[in-house]
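First up is the structure itself, then whatever we jot down about it.
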Amino acid sequence: MRFICDFHIHSKYSRATSRQMEPETLAYWAAIKGINVLGAGDFTHPAWVKELKEKLEPAEKGLYKLKDPNFKPKENSEFGVSRQSLEKARFVLTAEISSIYSKAGKVRRAHNVIFAPDFETVEKINSKLEQIGNLKSDGRPILGLDAKELLKIILSVSPAAVMVPAHAWTPWFSVFGSKSGFDSLEECFDDYAKYIFAIETGLSSDPGMNWRLSALDKITLISNSDAHSPANLGREANVFEGESIDYYSIMSALKNKGHSDTTKTAPLKFSYTIEFFPEEGKYHYDGHRLCNVSMGPEETKKAKGVCPVCRKPLTIGVMYRVEELADRPVGGKPERVIPYKNLIPLEEIIADALGLGKISKATRAEYVKLICALGSEFNILLDAPIEEIAKHSEPIIAEGVKRTREQKAKVVPGFDGEYGKIKIFEESEREKFKEEKKERQKLF
């Protein structure tokens, strides 16, 4: 059985986050997307913990489900998600914490995702952290706490709790970030680096880029959406296979870089990750958004890291930073890796195929039609026969899914907070599909 998991998301209590990010709506959209296990997000926020306790109940070990799956959404009701689908949704208790502190003469800004096996552990962690900073101010609290000290607190509460560096390469807020990060896990966590067995690659990098660092050979690479709205759930995710899934089998599979310890729990295999095309991420290239300057690593080196427009230092992106720390060439990798698949979210494929915006009514109508016909977004992107997709939508949309599976997409890289731009079709191709559609209509 396949289990798709998105561990890092946020609740309605985080800044710049949709008010729809609440348990019932998350379960509803998990069904639309085809996600089996979602991070509950923001367990450090008191009001959110209270809501989670009220609305969730224990399921498999360390996982939770809705107490009342009779949810009828005020919005997005056209998908018609069934009670049975809502009953299948599972949650794991997670939170993201922002640490801002000084170490080795530099200001560091590191984000980390925390996993907890139960609410008792959550309460103990929160009890310790509220002595350090204000947990009520934001779903992702900012603490003046060394990342190593945060890890020590987590482990002192429960050996089953886990910490994973979030979006590890983002320039401003990550363990390897160009603006405030470190050159190694050991530099960040000192002797506690041995307790870090996984990192989150983030939207602007994929496993192939991380494989170039031999220092990460023993580290499991995970990918999550970091979603702030329901529609963005699953834009990156982790795929496991086994007879069943629970908190402990997930953590065991991550610790063992792919396979859980069969002596302790049901065997679970970490099969692959689902990735953005990393160029689509907001910090893949270097640049200046306000100056509309975007550069690859070689251009940045020639410019000596200075913006040619304003003459100020460029925001150094993920690709450059990987080049800086890598000890393997492009394409290099260790012997044992967990594979990955680069996908494009279905609404983006539809929008590009139709030559429309992602939030247009026509794009939305095609998206709803396909989900209702074929079950879930991941089923469409990963499994559904192309001819079956074409049967329920425009042929050009089916072709878009096919090209995505074949990695035939062009991406203008993102930089300095700007998402990259995906291009699957040329305008001439769209016109050709339109003409073919007209010819077919003449025959009937």
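The values are calculated or read from the model by the stated rules, or taken from the named source; none is laboratory data. Note that the structure is a prediction, hence the values are computed from the model and not measured. Cβ placement follows ideal geometry from the backbone for every residue including glycine, while neighbour counts extend to all protein chains displayed.
Just one of (1) touching a helix residue (DSSP H, G or I) at 6+ places or on another chain (Cβ under 8 Å); (2) crowded, with 24+ Cβ neighbours inside 10 Å; (3) within 26 Å of TRP172 (Cβ to Cβ) fails for GLY39. It is (1). Selection of the stretch 221-252 for residues being of a type in the set (S, T, N, Q), more than 21 Å from ILE349 (Cα to Cα) and surrounded by fewer than 21 Cβ atoms within 10 Å (Cβ to Cβ) yields only SER244.
Residues of the stretch 193-214 that are in contact with a helix residue (DSSP H, G or I) (Cβ under 6 Å, 6 or more places away or on another chain), crowded, with 20+ Cβ neighbours inside 10 Å and assigned to a helix (DSSP H, G or I): MET209, ASN210.
One line per residue, one yes/no per condition, for (1) under 29 Å from GLY305 (Cβ atoms); (2) touching a Lys or Arg at 6+ places or on another chain (Cβ under 9 Å); (3) not assigned by TED's automatic domain parsing to the domain that holds TYR101:
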position: SER156; (1), (2), (3): no, yes, no
position: MET163; (1), (2), (3): no, no, no
position: HIS167; (1), (2), (3): yes, no, no
position: PRO171; (1), (2), (3): yes, yes, no
position: LYS179; (1), (2), (3): yes, yes, no
position: ALA193; (1), (2), (3): yes, yes, no
position: ALA215; (1), (2), (3): yes, no, no
position: ALA227; (1), (2), (3): no, yes, no
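The single residue among SER184, SER178, SER174 that is touching a His at 6+ places or on another chain (Cβ under 7 Å), closer than 27 Å to ILE274 by Cα and hydroxyl-bearing (Ser, Thr, Tyr) turns out to be SER174. Screening the stretch 327-435 for helices (runs of 4 or more DSSP H) wholly inside it with 3 or more residues that are on the phi < 0 side of the Ramachandran plot, acidic (Asp, Glu) and surrounded by 14 or more Cβ atoms within 10 Å (Cβ to Cβ) returns the ranges 346-354. Among all residues of the stretch 90-100, there is at least one that is out of contact with any Asp or Glu (no Cβ under 9 Å at 6 or more places or on another chain) and free of Cβ contacts under 8 Å to residues at least 60 places away in the same chain. Would the stretch 131-153 turn up any residue that is touching a Phe, Trp or Tyr at 6+ places or on another chain (Cβ under 6 Å) and either modelled with pLDDT under 95 or charged (D, E, K, R) (or both)? For the stretch 131-153, residues touching a Phe, Trp or Tyr at 6+ places or on another chain (Cβ under 6 Å) and either modelled with pLDDT under 95 or charged (D, E, K, R) (or both): present. GLU54 falls short on exactly one of the conditions (1) in contact with a Leu (Cβ under 6 Å, 6 or more places away or on another chain); (2) within 24 Å of GLU123 (Cβ to Cβ); (3) among the acidic types (Asp, Glu), and that condition is (1).
So that you can scan it fast, the table gives a plain yes or no per residue for (1) charged (D, E, K, R); (2) in the same structural domain as ILE349 (by TED's automatic domain parsing); (3) out of contact with any Ser or Thr (no Cβ under 7 Å at 6 or more places or on another chain):
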site: ASN379; (1), (2), (3): no, yes, yes
site: ASP383; (1), (2), (3): yes, yes, yes
site: VAL401; (1), (2), (3): no, yes, yes
site: TYR419; (1), (2), (3): no, no, yes
site: GLU431; (1), (2), (3): yes, yes, yes
site: GLU436; (1), (2), (3): yes, yes, yes
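Taking ILE125 as the residue in question, decide whether it is at pLDDT 95 or above, over 21 Å from ILE245 (Cβ atoms) and among the β-branched types (Val, Ile, Thr). So ILE125 passes the test.
Confirm whether GLU22 is surrounded by 16 or more Cβ atoms within 10 Å (Cβ to Cβ) and either more than 22 Å from ALA384 (Cα to Cα) or under 16 Å from the mean Cα position of the chain (by Cα) (or both). When the stated conditions are applied, GLU22 passes them.
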